[in-house]
1. Under 7 Å by Cβ, and 6 or more places apart or on different chains, what pairs join a residue from segment B:212-226 that is over 21 Å from B:Cys122 (Cα atoms) with one that is of a type in the set (Val, Ile, Thr) and open to solvent by 20 Å² or more (accessible area, probe 1.4 Å)?
2. Give me the pairs, please: first residue somewhere in segment A:582-596 and more than 16 Å from A:Leu523 (Cα to Cα), second residue anywhere and acidic (Asp, Glu), beta-carbon distance under 7 Å, and either six or more positions apart or on two chains.
3. Looking at (1) at pLDDT below 95; (2) open to solvent by 10 Å² or more (accessible area, probe 1.4 Å), find the lone condition where A:Ser335 falls short.
4. Condition test on A:Ile446, is it more than 10 Å from every other protein chain (Cβ to nearest Cβ), in contact with a helix residue (DSSP H, G or I) (Cβ under 7 Å, 6 or more places away or on another chain) and at pLDDT 95 or above?
5. Would you mind stating whether A:Gly441 is open to solvent by less than 40 Å² (accessible area, probe 1.4 Å), at negative phi and away from chain B (no Cβ under 14 Å)?
6. Inspect all residues belonging to segment A:451-470 and state whether any of them is more than 14 Å from chain B (Cβ to nearest Cβ), open to solvent by 10 Å² or more (accessible area, probe 1.4 Å) and within 19 Å of the chain's Cα centre (by Cα).
7. Go through segment A:146-193 residue by residue and tally those that are on the phi > 0 side of the Ramachandran plot and either assigned to a helix (DSSP H, G or I) or within 13 Å of another protein chain (Cβ to nearest Cβ) (or both).
Amino acid sequence: MHSEITLAHANGAAKFPQAACISITESPEFSALLKQHKISGAEFQKIMEIKGRAPTLTELGVFSAMWSEHCSYKSSRIHLKRFPTTGKNVVVGPGENAGVVRLEGQMCIAFKMESHNHPSYIEPYQGASTGVGGILRDVFCMGARPFANLNCLRFGEKTHPRTPFLVPRAVKGIGDYGNCVGVPTVGGSISYDKSYNGNCLVNAMTLGLIRDDKIFKGFATGVGNLVVYVGSATGRDGIHGATMASDSFAGAAQGTSKTTIQVGDPFAEKLLLEATLEVLEKNLVIGIQDMGAAGLTSSSFEMAGRAENGVYFDLDRVPVRAQEMTAYEIMLSESQERMLMVIEPKKWPELKQVLQKWQLAHDIIGVVTNTGRMQVTRNGVLEIDLPVSPLTDDAPVYARPVAPPKEKTGESSLLKSLEQRLDLNFDFAAKTLTRALRETGSKHKIYEQFDRHIGTKSVLGPEHGGAAVMWIRSEETKQTPYLGVVIAAGCNERRVKNTPAIGAAEAVLKCVREITAAGGRPLAVTDCLNFGSAEDPNVMREFSDSVDGISEACRELDVPVVSGNVSLYNSTDGVSIHPTPMIGVVGRMDDIRKATPAVYTSNIEPAEIFLLTPKFLLKQNKVADHNNSPQTVSFVASLAAKLDGLECTEGSLAAVDWESERSAFQAMEALRGADLLIAVRSVGEGGAGLGVVKMLAEHLVLSPSINIQFQHATDFFGEGGARYLIILPPQFLQNAKSIVSKFGMELEAVAKIKFDKKNVVQTYFGEISAQALSVEFNSAQPIGGLG
Amino acid sequence: MSPQKDAASSLRVGVLQFPGSNCDADCVDALRRHFQIEATLVWHQDTKLPKLDAVIVPGGFSFGDYLRSGALAAHAPVMQDVKRFSEKGGAVLGICNGFQILVESKILPGILLHNLSQTFICKTVHLKDQSGNVLTMPIAHGEGRFYIDKKDLAALTDEGMIAYQYSSLAGEVDEASNPNGSVSNIAGIYSKNKKVLGMMPHPERATDVAMGGSKDGLVVLRNFIERI
């Protein structure tokens, strides 16, 4: 343990001999050095101007990390500005560790989604677990206690050789980490598509509860205050993770860059969580930031930048777990479970006591200065001496070339043919249903590895097929004893690929529909924008359109974006992933006792399923008018088209009809107010017919008889439209019909289930064995060993 | 308020806290909401328990469950006094990791191995108690496969120490309803004097219909409190 550091130390250190500058030559070694650090020639010129001479190697590493896409958002910033980010419930908007939105009275929710794609493809177990760890720290370093985790996963085709390697390991990584820290994993989404064959996506989302007067931010305020290192000792793992995450894969690189992979220790995270919340509760800390991407570098620069101060570090004081670590390694390590705290010197003894109780490594490593510079010494040598702002607020911003909008393809003969075959070829239609179940069926092999109940707040989880519902009980919300938080996350990447602006808007809409179906009202949005290379103008067109689509949806639905993350360069050998703007929406409900699952839970009572549909849509389909009028139900980028091997670029999506979406929300709310709902499922991927089967799928094994009355392929497999599948007590049907009619909606009987052991699912394309469908449904995940 | 609850609310219950415990708050919350008991948190480094009527060893990943689940916690200073407490007839309830700790401390017999599936399993299960009642509540563990050799299993049975067995909803104790491969579907066991109960399922997570549809955990907690 070291004594305090004073400003005198910092002043003295500034006079230490400087580390050697890198030598600028015409040699291949020099250009390799820049390439390795992903610093362009122009960027190096800028470094020369900032520094006044060549940087030291450590400084070059710092520039590389801070100016990486991952840390600086240099290609995305100009677009992200277009998001609507304000609203009456917004307490903290984008730019902080997590966004904060007001739930009830003083009680708020801090939440964010973040990607950990590149590490997860190289080493899925550690990549996925440290992804969970990172987002947890973003939330609890603000002082919020995490109460729910979600994850959105995208993998290559199930038949691709790497997929069965990645899936079980990523799932185990997510589970082992969240389970140990003690935060329930309550939802998410998963899909498989060939565009992810060389680049999987692991996006993790955390929500925490926080009082509005207890929100901490990452400010290095108060000249002379101490900078304290807390958490696991620093090792050589994850060095330059941020730079790696800003690079695309080339075939040969896979598996060679394991030293850039961080290694997680959820037990250390649990201790860090408890210690952090305790020191924040006791007001021992002025500023705090987790050491995430680019570790000590980004946390210190960002905290100093926000407070417009300088910081001095003596790296000899940093707890390390490897011998002879250089300044370069210590500053750029992404060892996990670490925090940087800024404290008043008088609070040190009390802080130390808490950290000792939780058995965390800790030391004073620096002091806040008024120099506006980051000065770092190691072994008596000044390794870094840089002004702070050029690396943070004034980091480069690029307006990357954006390709002109793509011409709409309009009508597609291939989609038309698909529809005809599904209508006329009953074997093909039956096969499409079974394959749809196998493609998107039960996630139990995944979620049964996640502790979903710890914290005793979980009301609805992944087993209920829709949004997650959490029951918030606290002193602050005593007046609303059944207060709930409703959460949904996901994105249909095929629809985004087809028409990014509409597909991205639909991603927000999909989450809001799920929240509505469960019984909540949306409050705010987080996003995790996974795209291909920023240097590909077509990718930037997808990115820009997606931002516009999300913005439109947020304005139409009155839900601001409060936090988010961008992951670019998701491409391998020049092939970019489908644009995947993953959306997380958080909502509230007043009474969790009125929450409805998206599956039918009784396995005794027969039930009838109704489809809630806008009246005009009902008429429109009957006359089979599938032109580009709003709200058309169609096969564009549908699951049926995917299973038929069609590209998702066939045809084009119809614009969202926000008016009928809002009518559907109102109708749903009115039904809920009248206590008429048993189960509700929003119609999404695979259409209403697949929706019916999935609503009842857990019961297929019991050999029931199910009758699905849709007479046409479009009605059964078509996607789109403000439609919900609803189960309600039969005696209330007339009442329900008159309620929804006030909102321009109709309720139409579409299916029945009876538990009569007849083992048959009747459809317009014939009868199928319920047991056989059950097998397909339960074989959806490429995870073995779990029966 | 029932007289029974009044009697319960005066009970002094301690909930142990190890580094990595994570069901401590849930236990405290369940006792407060349903039994009006204000439990005391007891830190693992304390060498002596405060004056208590009962001890709960909660679930979690004590010391990260590195080495073996519960193995390190069993050697924490507080466990020596818990052992003395149980030997004097004190009531102890170990849930999940708490059960693992009680077994590693030799307060209860047997051992808990990795699930047969070699994966963590979180799901709702049914349990048959000694009177034949079937209770529904969740499990969430990676190492919950109870094992004991044949001779000791016979002793467990003879002494009436098998508290809960995994069963079907109808109460059949069969292989299909055994989630983790435990010997004889054992989900929880008593000590000889029935004062110590260790179980893998989580009663504190089934204390409201809103939480996954079951409040059968209250039956377990009430039985435990009544035995104090």
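1. none
2. Taking only residues 6 or more apart or on different chains, the pairs are A:Met582/A:Asp527.
3. Unmet condition: (2).
4. yes
5. yes
6. Yes, that holds for at least one residue.
7. Selection size over segment A:146-193: 1.
One line per residue, one yes/no per condition, for (1) within 14 Å of another protein chain (Cβ to nearest Cβ); (2) farther than 30 Å from A:Lys478 by Cα:
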| position | (1), (2) |
| --- | --- |
| B:Asp29 | yes, no |
| B:Arg32 | yes, no |
| B:His44 | yes, yes |
| B:Ala54 | no, no |
| B:Asp81 | no, yes |
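The values are calculated or read from the model by the stated rules, or taken from the named source; none is laboratory data. Just so it is clear, the structure is predicted and the values come from calculations on it, not from any experiment. For neighbour counting, all protein chains shown are included, and Cβ atoms are generated from backbone atoms with ideal geometry for every residue, glycine included. When the accessible area is computed, the model is the full protein with side chains, heavy atoms only, and any ligands, DNA or RNA have been set aside. Shrake-Rupley method; radii C 1.70, N 1.55, O 1.52, S 1.80 Å.
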